[in-house]
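For reference, the structure discussed in these notes is given below.
The values are calculated or read from the model by the stated rules, or taken from the named source; none is laboratory data. Here the structure is a predicted model, which is why all the values come from computation and not from measurement. All Cβ positions, even for glycine, are placed from backbone atoms using ideal geometry, and neighbour counts span all protein chains on display. These accessible areas exclude ligands, DNA and RNA; they are computed on the full protein's heavy atoms, side chains included. Shrake-Rupley method; radii C 1.70, N 1.55, O 1.52, S 1.80 Å.
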Amino acid sequence: MSSAVHAPAAGGHEAGGHGAENKLFGFWIYLMSDLIIFAILFATFAVMSGNFAGGPGPKQLFEVPYLFLETLFLLVSSVTYGLAVISMQSGKQKAVLFRLAITFLLGLGFVVMELMEFAHLIEEGFGPDKSAYLSSFFTLVGTHGFHVSCGLLWMLFMIIQVVRKGLTAGVRSRLMRLSLFWHFLDIVWVGVFTFVYLVGLL
Amino acid sequence: MVKNTILGYVKIGALAVFMVLMSACQGVALLDPQGPVGIQIRDLLMIAVGLGFLVVIPVIIMTIWFAVRYRESNTKATYKPHWEGSLKIEAFIWLIPIAIIVVLSYLTWVKTTDLDPYKSIPSSEAPLRVQVVSLDWNWLFLYPDYDIASINKLVIPTGTSVTFDLTSATVMTSFFIPDLGSQMYVMAGMVSHLNLLADNTGTFTGRNMGFSGKGYATMNFPTVAVTTEQFKAWTAEAKASPTPLSQDQFNQLNKPQSNYPVTLYSSVEPDLFNSIVAKFMTNRQVEGTKHGESEKTATTVN
Amino acid sequence: MFGRLTWDSFQIHDPFLFAATVGMPLGVIALVAVLAYFKLWGYLWSEWFTTVDHKKIGVMYIILGLIMMVRGVVDAIMMRAQQAVALGEALGYLDANHYAQIFSAHGTIMIIFAAMPIMIGLMNLAVPLQIGARDVAFPALNSISFWLTASASILVMLSLSIGEFSTAGWTGLAPYFEKEFSPGTGVDYWTWALQISGVGTTLTGINFLVTILKMRAPGLTLMKLPLFSWTALTTNVIIILSFPALTVALFLLSLDRYLDMHFFTNDLGGIVMLYANIFWMWGHPEVYIVILPAFGVFSEVVATFSRKYIFGYESLVYATVVIAFLSFTVWLHHFFTMGNDVNVNIAFGIATMLIAIPTGVKLFDWLFTMYRGRIHFSTPMYWTLGFMVLFAIGGMTGVLMAVPPIDYMVHNSVFLVAHFHNVLIPGALFGYFAGLIYWFPKVFGFKIDEKWGKVSFWCWAIGFPLAFFPLYVLGLMGMPRRIEHYTNPEWQPLLIVAGIGTVVITAGIAALLLQGWKTFQDREKNADPTGDPWNGRTLEWSISSPPPVYNFAVIPQVTARDDFWVQKEKGTAYPRPEKYSDIHMPKNVPYGVVIGAASFFLGFGLIWYIWWMAILGALGIVVTMMVQGDNDDTEYVITAEEVKKIEDAHFERLAAAGVLSGKPRNANQESHHE
């Protein structure tokens, strides 16, 4: 799936005054469709969760403290985005920018940590080509990471828009959609963390 | 005009039915089965077609009838532009299909259980085991009870339940002998099963039904159903063959090639079939080496 | 520099492919030159390529679908010709590899690049008009959807000349499509073409769902919604819920092929049947995606031409929704023969049969719509009647195959091929033809030629049984699908009959093209000044043909089902507003074309391992989206005066045609002769 989906409504027209509302609704529907992608990837992971093919299992692969920190980054970033939305509603442009920047950094931290984990596993010889289990692990976690990266790109873009245009109706509408997207990824990560890591380690 | 259309359809339909019936006794394998599985499925097919006709024929007749009767030029016919429903008719058109599907569902339930391909078929003789290996693009048959093998020719005794264990050394295929009954997928790294029985002697074409590449079209084999005595004689003939099916020999067979000449093998490398299955599922569900854990066993193998 | 693309990749060795390799570029160059000569590029760019008008996007979708359908028919002719001759010693003119590419391309093209574009095109034409909207919810997105589909179609066509197409069927076959067994570019063409058009379709699904749910005219409650729009609504729900499965199935396959992962491989823990499961979670609902809108067309056509309310509106709505729901519960019937547990087969078998109930109800509802009607036999009605007769048979064979033991016998045989053509051709294609002819005057302002339309219908009505009923018999003889050669002489006569049937169908397509030409020639004779050539029932017929860019000068207030019909009866149709207001409409945008082009390069680069091209393509998409996302200047205004001018002209035409008398227009006296 390309990031083509992520800002689908940006070119829509406002005829009839329902533009922003429709875009939000459309974005919700897109998220539901994206959720199905994750659901199928989860199901695939569940089916493959025992297919180690002689390769390593979760207990050899994952370290709890590292993951905990990684998770914390994303969870906190969701909170800071929420704060940015509150500032947006009271029209405080500077606070919005500051809070978006914090969110961006936390998200970046998450992605960097994930990439480091991936690099480490591949270095150890546990790349996605070693077993079906590892394939499905890298794919599920990686797809989430790819979404977060797209979200970061979008956030960067929105920061620039806020600086250039201020909190116009169009910018607010886009920030609200990014907000949905960001919280959505947070929820998906809770699922990933629980089913991939915690259940795997138990 | 419309009348003609419909008549045309009726004629074509009747012709098709006629063709089916005419050729039923010759060439139409599924309507002239040579074993109990095929016979039961054919009967089931006939009943299902009958049930289907209960809806299809009225629909076709009503289409023609209504189209003709309520044509624009027939101003004598009743015209009710505001009529948009009738509880009675609605109940009828929901209940009729429901009733038919309920009957068919019951039949499906009973017959699918009866005709489970994994279930062996009762027969007076002890069942014969045949291990089938699908190659690119040939069929290898191993007879573990006799320690013989044959490529591209299947010989079975009549009146004996034959249990096929199926696996593939390459891509997925589907094993099917239309004259006898059900087909079954053949997959690498696992074993699927199929039970068939031939009532009558004869030579029936068996084949691969799942597209598997260049040699797919020719991936057929004669299935020769013979009497028990003839089968005994055939196993003896195989035993006398100069070629054993060694691992080397198997490796020769297991290469992309079509129409490998029918060959009998006097003996089979011990455990060949299992090794073909195991090749693709080496420790499939066994966890890694570091901690030496192997808590789960290979559950995908039947 | 060019990945695995070399001079040898260009297909010039086979005479057929040589023709394509040389002919297609020459054709394209000639077309470009002709258009340049007539100075049409500017017009095409500003009026069509960049348009966000749903009507024009619909037309482009339909043209694309028809072109691809012709390609698919050529594939079909080649297959039928091969099978008619390739018995025993005669090997025919196609080798196994080429034949496999043809059947794979035929299926992929007919479903994804012919049926889907025509279906989406019809939705684009009719849905906003039926619901009294001025456009879809996201007009720019609509353009993007179209261009994604177009660029994916170009990729498929390109596989004729550069490299090869997949040999793994239109559904993909695990593990045969893995790199180990299919190392060429074929599978990658298939994957990326499907993936790109799939994104486009998902976006369309979102777009139309929001449109139908949020942009209906006031008073148009869901239970007053015209049935075509109802089927469009359910189809879009199915699209949104099922296309992710296709996306994932193809994505995992690509990971296997590009990064050596092990989802669908034989070894290292891969599970081949996992692919079939995920794929058919999309694949089966997809059948209903293409068929339900056609059902919607039949509902419109049968009511309009029977001059009567549709019988059992609620039943039809519920049946549609039930079909949509059940379509997600039956995917396993595509592999009853994988050795599942018996109870699993029983459950999925019965679930499959259940679909016959709402489908049967629909057939009866259409029948009782004709009952006590006054049927006008125009071409759309012909297609509808042909559908009802042929589809009943196709539906029945579907129920047969839902019984697992019967499926054990006919699965993967040409019986199956006959069955799904027997549902998809009458069920979907006949409906599309009916819909195209039905809405054609709305879009272009003149009626379509009836004579050649009827010739085309008869060719199909005769050709179809000839081409496909023999396959039922052949299936019962045990003939498998997808073989390019056979040794059983008993099959040949029936295959020759099927080949003749294909010739007759081809004549039907020729008649269809001729119909298009005649229609164009006689456009003035067949002009429709009223905008209501069929004595229509729903809102789209209440406005001029072709409709103005804003569709409705004043958004109508809906009070009843078949609102326009009711208004005509009451004599309140064509109300003349006292004054008009300014109308805001979306501006044309080039994003669709640019994103389509960028996706093409992304896909082509990935297929041929030309990584720089793929990266540039991806960057192109991202940058275009940013530019689009930064653009707040998306609308222009049509002033009230301009609107008045356009509408006044329309009312003059109406007055000239004598429909403004204010008297009830429909000769609707009920008659009681029995």
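Remarks
- Flag for C:PRO25 being over 30 Å from C:PRO489 (Cα atoms) and either modelled with pLDDT under 95 or surrounded by fewer than 18 Cβ atoms within 10 Å (Cβ to Cβ) (or both): yes
- C:PHE264 surrounded by 24 or more Cβ atoms within 10 Å (Cβ to Cβ) and under 25 Å from C:LEU436 (Cα atoms): no
- Filter pass, C:GLY184 being more than 24 Å from C:LEU158 (Cα to Cα) and among the small types (Gly, Ala, Ser): no
- Unique residue being basic (Lys, Arg), in a loop (DSSP other than H, G, I, E, B), open to solvent by 10 Å² or more (accessible area, probe 1.4 Å) and touching a strand residue (DSSP E or B) at 6+ places or on another chain (Cβ under 7 Å) when the list is B:LYS76, B:LYS119: B:LYS119
- Yes/no for B:TRP83 being surrounded by fewer than 19 Cβ atoms within 10 Å (Cβ to Cβ), farther than 30 Å from B:GLY215 by Cβ, over 18 Å from the mean Cα position of the chain (by Cα) and facing another protein chain (nearest Cβ under 7 Å): yes
- Candidates C:GLY200, C:GLY205, C:GLY186 - the one that is farther than 12 Å from A:SER33 by Cα and either touching a helix residue (DSSP H, G or I) at 6+ places or on another chain (Cβ under 6 Å) or crowded, with 24+ Cβ neighbours inside 10 Å (or both): C:GLY200
- Of C:VAL322, C:VAL317, all but one fail to be more than 14 Å from chain A (Cβ to nearest Cβ) and either open to solvent by less than 10 Å² (accessible area, probe 1.4 Å) or farther than 25 Å from B:VAL102 by Cα (or both); the exception is C:VAL317.
- Scanning segment A:6-44 for residues that are open to solvent by less than 20 Å² (accessible area, probe 1.4 Å), facing chain C (nearest Cβ under 7 Å) and at pLDDT below 95 yields A:PRO8, A:ALA9, A:ALA10, A:GLY11, A:GLY12, A:HIS13, A:ASN22.
- Elements of type helices (runs of 4 or more DSSP H) in segment A:48-151, at least 2 residues being open to solvent by less than 10 Å² (accessible area, probe 1.4 Å), at pLDDT 95 or above and closer than 30 Å to A:THR168 by Cα: A:64-89, A:93-123
- Matching residues in segment C:363-396 - criterion: being in contact with a Phe, Trp or Tyr (Cβ under 9 Å, 6 or more places away or on another chain), more than 7 Å from chain B (Cβ to nearest Cβ) and either open to solvent by 10 Å² or more (accessible area, probe 1.4 Å) or among the basic types (Lys, Arg) (or both): C:TYR382, C:PHE391
- Condition broken by B:PRO242, with the remaining ones in (1) farther than 30 Å from B:GLY35 by Cα; (2) touching a residue at least 40 places away in the same chain (Cβ under 8 Å) satisfied: (2)
- Check on C:THR234, modelled with pLDDT of 95 or more and either away from chain A (no Cβ under 14 Å) or open to solvent by 20 Å² or more (accessible area, probe 1.4 Å) (or both): yes
- The condition of being assigned to a helix (DSSP H, G or I) and surrounded by 24 or more Cβ atoms within 10 Å (Cβ to Cβ) holds for only one of C:ALA133, C:ALA137, C:ALA126, that being C:ALA126.
- Residue in segment C:140-148 that is open to solvent by 10 Å² or more (accessible area, probe 1.4 Å), touching a residue at least 60 places away in the same chain (Cβ under 8 Å) and either in contact with a strand residue (DSSP E or B) (Cβ under 8 Å, 6 or more places away or on another chain) or more than 14 Å from chain A (Cβ to nearest Cβ) (or both) present: no
- Some residue of segment C:212-219 being part of a helix (DSSP H, G or I), surrounded by 23 or more Cβ atoms within 10 Å (Cβ to Cβ) and within 12 Å of chain A (Cβ to nearest Cβ): yes
- From the options B:ILE89, B:ILE93, B:ILE98, residue that is under 30 Å from C:VAL344 (Cα atoms), open to solvent by 30 Å² or more (accessible area, probe 1.4 Å) and at the interface with chain C (Cβ under 8 Å from one of its Cβ atoms): B:ILE98
- Qualifying residue in segment A:167-181 (condition: assigned to a helix (DSSP H, G or I), touching an Asp or Glu at 6+ places or on another chain (Cβ under 8 Å), farther than 27 Å from C:SER254 by Cβ and open to solvent by 10 Å² or more (accessible area, probe 1.4 Å)): yes
- Taken over segment A:182-201, the residue count meeting the criterion of being surrounded by 15 or more Cβ atoms within 10 Å (Cβ to Cβ) and of a type in the set (Val, Ile, Thr) is 3.
- Residues in segment C:88-109 that are open to solvent by 40 Å² or more (accessible area, probe 1.4 Å) and of a type in the set (A, V, I, L, M, F, W, C) were compared, and the one that is nearest to B:THR218 (Cα to Cα) is C:LEU91.
- Checked against the criterion of being over 30 Å from C:PHE2 (Cβ atoms), more than 11 Å from chain A (Cβ to nearest Cβ) and at pLDDT 95 or above, the candidates C:VAL643, C:VAL593 yield just one match: C:VAL643.
- C:VAL59 vs. criteria assigned to a helix (DSSP H, G or I), β-branched (Val, Ile, Thr) and open to solvent by less than 40 Å² (accessible area, probe 1.4 Å): yes
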